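Values in this text are rule-based calculations from the coordinates and carry no lab data. All of these numbers come straight from a predicted model, not from anything done at the bench. Neighbour counts are summed over all protein chains in view; Cβ atoms, including those assigned to glycine, are modelled from backbone coordinates with ideal geometry.
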Amino acid sequence: MLKQLILSAGLLSSVSVMAADNPLSVHVLNLQTGLPSEKVSVVLEENKNGQWVKLNEKMTNENGRITALYSENKKLEQGIYRVTFKTGDWFKQHNQSSFFPEVPVIFNVDGAVKHYHIPLLLSPYGYSTYRGN
């Protein structure tokens, strides 16, 4: 039992280190239930010369998080980025209707901080987001 706890603690600590090294993370919380939203598809794009260029796409984990949305071992360069949460698909999978088929969050990376975190507070007919840490 003690060996399992030590192994679990080591795994959690290595996940934390990996997340801390990645410059971009997201989190989706369902305001209707108060629970994390697992398996929400999230797309990351960068605006290059007026065109959106897809950089990555991942699904939120059981805690509603993607701890490493940007490419590993790369610095998030200054520029304009868009994170799009595919909320309509998620609500359909849960047999619920929703007003917003997706939630795009466009943000400016100015290099002022090492890590950017974008939480999404979600309900079928509204949402809120902010720059987290």
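Summing Lys and Arg as +1 and Asp and Glu as -1 over all other residues whose Cβ lies under 13 Å from the Cβ of L69 gives a net charge of 0. Counting beta carbons within 10 Å around each of D21, D110 and listing the fewest first gives the order D110, D21.
Each Lys and Arg contributes +1 and each Asp and Glu -1, all at the Cβ; summed about the Cα centre of segment 2-129, the dipole is approximately 120 debye. In terms of surrounding Cβ atoms within a 10 Å radius of their Cβ, E62, E102 rank from fewest to most as E62, E102. Cross-link reach is defined here as a Cα-Cα straight distance under 17 Å, omitting same-chain residues fewer than 8 places apart; for K114 the lysines meeting it are K74, K75. Considering only P104, Y127, Y70, and ranking their Cα positions along the charge dipole of segment 2-129 that arises from unit charges at the beta-carbon of Lys, Arg, Asp and Glu, the one farthest toward the positive end is Y70. Sorting F99, F107, F85, F91 from the fewest to the most surrounding beta carbons within 10 angstrom yields F99, F107, F91, F85.
Computed about the Cα centre, the dipole magnitude for segment 70-133 is approximately 80 debye when only Lys and Arg (+1) and Asp and Glu (-1) carry charge, each at its Cβ. T60 sits among other residues whose Cβ lies under 9 Å from its own Cβ, and their net charge, with Lys and Arg +1 and Asp and Glu -1, is +1.
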